[in-house]
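Right, one structure below, let's go through it.
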Amino acid sequence: MNKKDIASIRKQFKVDNDLLKITEIFNVYIMKETSEIYHHQSQPFEMLDQDQQELFMNNFKKLLTGQLDEKLFELKFQRDAENNSQLILHKGLLSSDVEGWKEQMLLIVEKMLKDRQYEMDIVVTFIRGEYLKPMKRAIEEAEENERDAVYSHSFILCSINKTQEPKKELLFDYVEKEFKYNVVIDPVINLDAPVAGFLFPCFTDNAADVNHILYSAGKAHELDYQFIEEVLNGEETMTAKDDKIAFEEIVKNVTGDQLNTSTLSNVYEEINRVIEENEDEETPKLDYKDIERVLKMSGLEDVNTEKVETAFKRVLDDENYELKASSIVPKYNSKSIKINTKVANISISPPDLRYVRQVNFNGKRYLMIEVEEDTVIEGFTMLPEAFNGNTSQ
């Protein structure tokens, strides 16, 4: 799934939407002390009152909110995994009766509880439904109802939410004219911040892809690898942050720890060009041959295939790994590059990196920034000065 696919289904989660039909909702309450199911309940989603539906709809939208490879991850199922979740979810999706669907979802919960101790009571919510997406019609057919033809996608969504202790409150009783301590013992289910979840199957080119599952982490870059591998049986994945760190280490292995700003700017520009040329396709990926080409095109010398391939193997333990281009280049039109010194911290955009230099003069190091106009500090225009290395005047 790409970000457009995710955005398309996310915006359908609203009450009384004829493009989204949720049939059942199944809630499972798990006790932290015993890591066992305390209670579970299934009912038609339409039987919930509207306020409850709104709470859950907002929860599902939040589950599907976030950047790909930061908070949302499309995972490929492991092959030949024991008690495979792909098969369990597929059976649940195709089950013709509610009991059959519940049975399969409880198998997923059992996998969640195996060798796992949660820090708080949690509630696991499953829904099963159908997402309808209108087909794009030719211009000459625009006058016809655009919903005459739709793509139909059956899906299962799971949202995992923690509970929290109710607030201790002091109330004033108007009738008795006295202050009272409000005692509430029922735990509150926090639907505002799901801690994890998933959508099955993924949707690609308006078709269901049962070989992939969309995993949602509670926080960006903080993956629950036990949940991914043992519960979902998803293959190992890396975050955008991991890809960026790996890229930096690979370049250091190939070129050494030091690069001038002009070369680094060229590297980012070359990778950004690859992204722009493939913006209508899947996220472009770079293998060791692509990285070799990028480094050579950026003006780096003494770069060869063997060096880059060896660096890939040393850093990633896999010379065939492909780095997502969008993960390793800073956001190109934002001030996303941070230059930190003891004197000042500066933020600039990647294209402007070429105007920054570190220079040595009279035994001292200086950060020099080329500017085309007067520099203004706190409303005062700076006077041009001769560069003589003497900062005392």
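The values are calculated or read from the model by the stated rules, or taken from the named source; none is laboratory data. Since the structure is predicted, the reported quantities are computational estimates derived from the model, not experimental observations. No Cβ is skipped: glycine too gets one built from the backbone with ideal geometry, and neighbour counts run over all protein chains shown. SASA here: full protein model, heavy atoms, side chains in, ligands and nucleic acids out. Shrake-Rupley method; radii C 1.70, N 1.55, O 1.52, S 1.80 Å.
Which residues, taken from segment 245-262, are of a type in the set (V, I, T) and surrounded by 17 or more Cβ atoms within 10 Å (Cβ to Cβ)?
I250, V251, V254, T255, T261
Answer yes or no as to whether V267 is closer than 18 Å to Y321 by Cα and either of a type in the set (A, V, I, L, M, F, W, C) or open to solvent by 60 Å² or more (accessible area, probe 1.4 Å) (or both).
Considered against the rule, which asks whether it is closer than 18 Å to Y321 by Cα and either of a type in the set (A, V, I, L, M, F, W, C) or open to solvent by 60 Å² or more (accessible area, probe 1.4 Å) (or both), V267 comes out as no.
Is it the case, given these coordinates, that E70 is more than 17 Å from Q12 (Cα to Cα), in contact (Cβ under 8 Å) with a residue 60 or more places away in the chain and open to solvent by 70 Å² or more (accessible area, probe 1.4 Å)?
Answer is no for this residue.
So for segment 277-289 (the condition being more than 30 Å from D5 (Cβ to Cβ), modelled with pLDDT of 85 or more and open to solvent by less than 50 Å² (accessible area, probe 1.4 Å)), does at least one residue qualify?
no
Residues of segment 330-352 being under 29 Å from Y288 (Cβ atoms) and touching an Asp or Glu at 6+ places or on another chain (Cβ under 9 Å), which ones?
The answer is Y332, I337, P350, P351.
Given the conditions (1) surrounded by 16 or more Cβ atoms within 10 Å (Cβ to Cβ); (2) assigned to a helix (DSSP H, G or I); (3) not hydroxyl-bearing (S, T, Y), and given that R314 satisfies all but one, which numbered condition is not satisfied?
Of (1) surrounded by 16 or more Cβ atoms within 10 Å (Cβ to Cβ); (2) assigned to a helix (DSSP H, G or I); (3) not hydroxyl-bearing (S, T, Y), only one is false for R314: (1).
Pairs please, first residue from segment 73-89 and touching a residue at least 24 places away in the same chain (Cβ under 8 Å), second anywhere and buried (at least 17 other Cβ atoms within 10 Å of the Cβ) and in a helix (DSSP H, G or I), Cβ atoms under 6 Å, 6+ apart in sequence or on different chains.
Filtered contacts from segment 73-89: F77/Q86.
Within the group I30, I22, which residue is over 24 Å from D121 (Cα atoms) and either touching a Phe, Trp or Tyr at 6+ places or on another chain (Cβ under 8 Å) or among the acidic types (D, E) (or both)? Steps first, please.
Values: I30 fails: over 24 Å from D121 (Cα atoms).
Step by step, each of I30, I22 is checked, and only I22 is over 24 Å from D121 (Cα atoms) and either touching a Phe, Trp or Tyr at 6+ places or on another chain (Cβ under 8 Å) or among the acidic types (D, E) (or both).
Counting only residues that are within 18 Å of S159 (Cβ to Cβ) and open to solvent by 50 Å² or more (accessible area, probe 1.4 Å), how many does segment 78-109 have?
Here the count works out to 1.
I'd like the residue in segment 345-362 that is free of Cβ contacts under 8 Å to residues at least 24 places away in the same chain and surrounded by fewer than 10 Cβ atoms within 10 Å (Cβ to Cβ) and, out of all such residues, is farthest from Q258 (Cα to Cα).
It comes out as N345.
Report, by residue number, each residue of segment 208-235 that is hydroxyl-bearing (S, T, Y) and open to solvent by 10 Å² or more (accessible area, probe 1.4 Å).
First, the residues of segment 208-235 that are hydroxyl-bearing (S, T, Y): 215-216, 225.
Selection gives Y225 alone.
When you scan segment 189-197, do you find a residue that is hydrophobic (A, V, I, L, M, F, W, C), closer than 25 Å to L64 by Cβ, in contact with a strand residue (DSSP E or B) (Cβ under 7 Å, 6 or more places away or on another chain) and open to solvent by less than 20 Å² (accessible area, probe 1.4 Å), even just one?
In the first step, residues of segment 189-197 are kept if they are hydrophobic (A, V, I, L, M, F, W, C); the result is 189, 191, 193, 195-196.
Cutting the leftovers down to closer than 25 Å to L64 by Cβ gives us 189, 191, 193, 195-196.
Retained after the next criterion (residues that are in contact with a strand residue (DSSP E or B) (Cβ under 7 Å, 6 or more places away or on another chain)): 189, 191, 195-196.
When the remaining residues are screened for being open to solvent by less than 20 Å² (accessible area, probe 1.4 Å), the result is 196.
Yes, that holds for at least one residue.
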